[in-house]
1. Find, among the trypsin sites (Lys or Arg not before Pro) in region 89-154, those assigned to loop by DSSP (not H, G, I, E, B) with at most 14 other beta-carbon atoms within 10 angstrom.
2. Anyone know which of GLN184, GLN193, GLN202 comes out most mobile in the 10 Å Cα GNM of the chain?
3. Leaving out ligands and nucleic acids, and using a 1.4 Å probe, what accessible area per residue does the chain come to in Å²?
4. Just subtract the alpha-carbon distance of ASP84 and LEU17 from 0.36 nm times their residue separation and send over the number in nm, one decimal.
5. If you put +1 on each Lys and Arg Cβ and -1 on each Asp and Glu Cβ, how big is the dipole of region 121-203 around its Cα centre, in Debye rounded to 20?
6. Which of these, PRO41, PRO183, PRO153, has the largest mean-square fluctuation under a Gaussian network model of the chain (Cα springs below 10 Å)?
7. Report the paramagnetic label zone for VAL198: residues of region 13-47 whose backbone N is under 20 Å from a point 7 Å from Cα along the Cα-to-Cβ axis.
8. Which of GLU163, GLU214, GLU38 ends up with the largest GNM mean-square fluctuation for the chain, with Cα atoms connected below 10 Å?
Amino acid sequence: MDHRYRIEGDINSRAVLGVGSGYTDPVAGTSEMEVRFERLPSGWDPRTIVLMCCERATVTCSRESDGAVGMFQASGGYLTIGRDLVKVERRGTMRNAEGQIMVDVHASSVTDFRGEHRYDHSRIEGGTSHIHYGENGIAEVRPFTGVMMQAGPNLITVTTSYEAVLEDDSTLYGTTFYPHYLPQQRVQLPGLQLLSLVSIEQEFDGRTLWVRTESEVTPLTRMAVPAPTASQPSAIG
């Protein structure tokens, strides 16, 4: 599925504007996108968007395995963050090994993959960032996971944790919370699910960003604890 992409807003009190297009395959769980930035604030590296805020196609079109329900099937192709539920936005933070906050961003979005005029529009609603392309920008994003759950009527939340290696060889550690609102939810999640970003490829030349991801959703099952035997008494008592 082809779609148009737009990201705008502000970070570090400076405007952001990027326009592009992408392609997704929900069966394979792959997503590819290219974005040209017309406005790009100093201190913000757009290679963080796959981690923190503004590339909804990755989560929307994850491959479904072992009976899990992906966001595309659940939503019918339409979902929002911070719009229908006003100010209930996604929030991402990244810190270094010393605990210093390097990125703190909140954002909203509208994603509509129904019909012929599909689009993914994100808005950075504010925040701060201290990573500079060519200095300590994003060099590598490691595969990562998150927990996906039905959090009430028409609301599916995802919480991810991840690591990113920077151009100065240091590492940032992050987490992002995504409250997806599904106005026309078609299918409820059967239970807790694991969202896995299996692979992440990115190229950025200071103005144009290319991203390709592969993702999957699977059931999040709890390991059963074996009952104690006569030769293995219970630890209780």
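The values are calculated or read from the model by the stated rules, or taken from the named source; none is laboratory data. On a predicted model such as this, the values are computed, not experimentally measured, just so you know. Note: ideal-geometry Cβ built from the backbone for every residue, glycine included; neighbour counts use all protein chains shown. Calculation scope for accessible area: heavy atoms of the full protein, side chains included, ligands and nucleic acids excluded. Shrake-Rupley method; radii C 1.70, N 1.55, O 1.52, S 1.80 Å.
1. ARG114
2. Comparing GLN184, GLN193, GLN202 in the GNM, the peak value goes to GLN184.
3. Normalised by residue count, the accessible surface of the chain is 47 Å².
4. Stretched out fully, the ASP84 to LEU17 stretch lengthens by 21.8 nm.
5. Dipole magnitude for region 121-203 comes out near 700 debye.
6. It is PRO153.
7. Zone members listed by number: 23-33.
8. GLU38
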